[in-house]
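In what follows, a structure is listed as structure tokens, so that the remarks can point back to it.
The values are calculated or read from the model by the stated rules, or taken from the named source; none is laboratory data. Since the structure is predicted, the reported quantities are computational estimates derived from the model, not experimental observations. Here the Cβ positions follow ideal geometry from the backbone for every residue, glycine too, while neighbour counts run over all protein chains shown. Accessible surface areas use protein heavy atoms only, side chains included; no ligands, DNA or RNA. Shrake-Rupley method; radii C 1.70, N 1.55, O 1.52, S 1.80 Å.
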Amino acid sequence: MRKFYLLFAALFAGSVVASAGIKNLYKQDFELAATAADAGWISPSCADGMSVAGDQYGKYFNFKHSGGGERNAYTLWGTDIYGEGVNKYTLRFDWNPQTKPDTNLANEIVIMSDSTFSTNRWANQNYRKSAEEIKAGATEPLRWWLFDLTELTDEAKEGNTYAVNGDSTNVVTINFNSFYTITLDVDVEARTVEYDIADEFGTPVGAGTYNVPEYVENLRATGLNVLGGKVGSVNQIDNIVIQVETDEDYANVPTVALTGVNGTARQYAVSFEESNDEIVHVTFDGAELTPDEMLDGMYKYNLTTSGKLVAWTESGSAVSEKVEVDVVAEMIALPAVQANIIGVNAGYVKTYDLVVSNAEVPTQPTLFFNYKYTPVTGDVIEKTNCQSGEKLNVTEKGTLEITTHDGGKDQFQSTTVTYENDIEFAVKDDIDFQHMTEADITGKGFSEIDVLASTSTSGETNWTGRPDALRFTWIKGTNVGDTVQVRPYDVDHGGIRRFVKAPSALTEEVAHSMFAPVYTWFTKTGDGSDIPQAKFNLGIGLIQTGILGDAQDAKITYNNATLGVDGLTENDYIIVNRVDNYGRSKTDYITIEAATEEDAIAKYNAENWAPESGLTVLKGNETFTLFRIDTALARVRTFVSTGESGIQEVGKAIVSDHNAPIYNLNGERVSTLKKGVYVKQGKKFIVR
């Protein structure tokens, strides 16, 4: 629970008139939930972004948008919780927009009143608009919401300005990485929603009354929807509670949260509704416990032995259900660091990404680790107090030892893991799209089209129009001013020569053989009408336009094209290099020394490689995607493990074959792929 949970009593006192009792119709504080699904949360297309996390204040729902378009998560509690005659209720929840989105696709928090909610709606849109309204360009709100906060994306804003209920003239400032309590007092008969937004210190941020339009049919909240800003946004939700006043005594079930770990010692916090005059009872192995710390609405208990903690409340003549917790007073071992290979080269050369997560560690302490790499020959590499995401480059065969710790606090048990870098690799294939010549490209059946030479910064023209795209440093002399930035593909330098292969010519055989062993996209329709175009930007790489069929002016309808490499196993590796974001993500601009700009550009085209920022390392049986328009596939290399006699035998490992038959989930072989889930070589994949 959040530290400002203690404010609930004061806030609630002004929300509901004092009476015989206050009853929780619904409560979700995530303390008993191991996963987001356990807590009733669903994400149609970003399920991997959901989790139940925690800190010293308890657990909470965490939703991270990592990429792609679909970016919402929701929970539904329905209308049955209200029962008959409930015309006034208070809904409250805590919300933290922890991380600012990378782009202007904004966060949104909505309290829904939709009794017929469909899991397929609003995967990537503001909830208070329907899909039909958005397509038509309309702004009329839908009828199925009671409260809405939408982040405004005006460049003049600071990125933390939110419109209340879709009204851009009624805004509140919501800072990132800070929890807020949102309280809604709903009067069904008066058709009003009184809202109050306060920060973690209880300071009011915004308040007002929303008069619910007549076309809104249901005023009893049914759920909460989170739309994460794109890309990299993190939203956290905690302490969702719906309360009503009652005419008789009522005792609410308390919340028990593990809030402290120190070796074998534990601290638990028991929270209750103080405004309901509840008396808290806590026993440990049957004996009544006295709180070690008493706060408004919360008692804390320090324990040093294992046993059973039981908590319940009384209010007047009412007694709540009991909450039972098994206390295990033993040292908790920290998770081992995972050494993931994110780069390989011939020999024993590797780049390791050293990662460790505190998600499964109670109270989520900050984790550190020390590592030591001991090569068979050469100098030892050591480093201390690293954190997740540390990169390690090695060039020789050797042993890596990593120890996870909590930064010297010794509240948790350290864990050591050892990895052997004993597999040698050799290059098997190297398909260099970036440096293919005109003859190479036309020999694959591509035809040259008009040159891209535009100063516009809209869509594909960003490749030549963006001033920060595709550039290098030219050193033309030793005097001041002899070092300049050159954009070899902008309008002044002739733009980008482009080549297209018609989708109707991109048959299955062509898709799998054109750049073998790399296979390109193919959707098995046969006539090319729903296959995205393949395009070459000379000197940059292979592009998929997002346009389906042969028509150049067709609407962009295809986002991600799937590619892979045939003939590899999960023991092999694929290194994919892309030029992302129209070349604007290129951070390793190379420096060229030449007497003339013409010579400098020629050297750039010969020596330049796609940047590290666009590199992906995959196992041999994995696939990768090519996003439309703004991304170019520059290079694909494959590495296989070697033995004394050369390439090792595959044995029983499954060899990737993208001509392999495809089956639906009923086990039926299919040739035309509509939206859905399919199985190929024993692995599921999704067509969207």
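Of everything listed in (1) over 27 Å from PHE639 (Cα atoms); (2) of a type in the set (Val, Ile, Thr); (3) in contact with a Lys or Arg (Cβ under 8 Å, 6 or more places away or on another chain), the single unmet condition for THR363 is (3). Residues that are out of contact with any helix residue (DSSP H, G or I) (no Cβ under 9 Å at 6 or more places or on another chain), in a strand (DSSP E or B), closer than 30 Å to LEU224 by Cβ and open to solvent by 50 Å² or more (accessible area, probe 1.4 Å): does the range 241-252 have at least one? Yes - at least one qualifying residue is present in the range 241-252.
Among the residues here, LYS524 does not qualify as of a type in the set (D, E, K, R) and under 30 Å from THR457 (Cβ atoms). From the list ASN165, ASN126, the lone residue that is buried (at least 18 other Cβ atoms within 10 Å of the Cβ), of a type in the set (S, T, N, Q) and modelled with pLDDT of 85 or more is ASN165. The single residue among VAL484, VAL451 that is open to solvent by less than 70 Å² (accessible area, probe 1.4 Å) and modelled with pLDDT of 95 or more turns out to be VAL451. Evaluation of VAL216 against the conditions (1) of a type in the set (A, V, I, L, M, F, W, C); (2) within 32 Å of the chain's Cα centre (by Cα); (3) open to solvent by less than 10 Å² (accessible area, probe 1.4 Å) shows that the sole unmet condition is (2).
Candidates in the range 583-619 are the residues that are of a type in the set (Phe, Trp, Tyr) and open to solvent by 30 Å² or more (accessible area, probe 1.4 Å); of these, the one that is nearest to PHE515 (Cα to Cα) is TRP609. Taking every residue in the range 278-289 that is in contact (Cβ under 8 Å) with a residue 40 or more places away in the chain and farther than 12 Å from GLU314 by Cβ and pairing it with any residue that is surrounded by 18 or more Cβ atoms within 10 Å (Cβ to Cβ) and hydroxyl-bearing (Ser, Thr, Tyr), at least 6 positions away or on another chain, the pairs with Cβ-Cβ distances below 8 Å are PHE284/TYR301.
Checking each residue in the range 219-240 for being surrounded by fewer than 17 Cβ atoms within 10 Å (Cβ to Cβ) and either more than 24 Å from GLY54 (Cβ to Cβ) or out of contact with any Asp or Glu (no Cβ under 9 Å at 6 or more places or on another chain) (or both) picks out only VAL231.
For the range 532-543, the criterion of being β-branched (Val, Ile, Thr), open to solvent by less than 40 Å² (accessible area, probe 1.4 Å), in contact (Cβ under 8 Å) with a residue 60 or more places away in the chain and not in a loop (DSSP other than H, G, I, E, B) is met by at least one residue. Residues that are in a strand (DSSP E or B) and of a type in the set (Val, Ile, Thr) within the range 361-384 comprise THR374, ILE381, THR384, listed in sequence order. Would you confirm, using the coordinates I've provided, whether ILE81 is open to solvent by 40 Å² or more (accessible area, probe 1.4 Å), modelled with pLDDT of 90 or more and among the aliphatic types (A, V, I, L, M)? So ILE81 passes the test. Scanning the range 468-491 for residues that are in a loop (DSSP other than H, G, I, E, B) and touching a residue at least 24 places away in the same chain (Cβ under 8 Å) turns up ASP468, ALA469, LEU470, ARG471, LYS476, PRO488, TYR489, ASP490. Just need a number here: residues in the range 631-642 that are buried (at least 20 other Cβ atoms within 10 Å of the Cβ) and either among the β-branched types (Val, Ile, Thr) or at pLDDT below 90 (or both). Number satisfying all stated conditions: 4. A single member of ARG498, ARG471, ARG466, ARG487 is among the basic types (Lys, Arg) and within 24 Å of ALA511 (Cα to Cα), and it is ARG498. Only one of the listed residues (GLY389, GLY445, GLY408, GLY378) is open to solvent by less than 70 Å² (accessible area, probe 1.4 Å), in contact with a helix residue (DSSP H, G or I) (Cβ under 7 Å, 6 or more places away or on another chain), among the small types (Gly, Ala, Ser) and on the phi > 0 side of the Ramachandran plot. That residue is GLY445.
Comparison of THR562, THR525, THR569 shows that the only residue that is part of a loop (DSSP other than H, G, I, E, B) and open to solvent by 20 Å² or more (accessible area, probe 1.4 Å) is THR525.
From the list THR209, THR264, THR203, THR255, the one residue that fits, being closer than 30 Å to PHE412 by Cβ, open to solvent by 20 Å² or more (accessible area, probe 1.4 Å) and either free of Cβ contacts under 8 Å to residues at least 12 places away in the same chain or in contact with an Asp or Glu (Cβ under 7 Å, 6 or more places away or on another chain) (or both), is THR264.
Residues that are in contact with a Leu (Cβ under 7 Å, 6 or more places away or on another chain) and closer than 30 Å to VAL256 by Cα within the range 364-401 comprise just one, LEU367. Restricting attention to the range 361-375, the residues being open to solvent by 50 Å² or more (accessible area, probe 1.4 Å), modelled with pLDDT under 95 and over 21 Å from the mean Cα position of the chain (by Cα) number 0.
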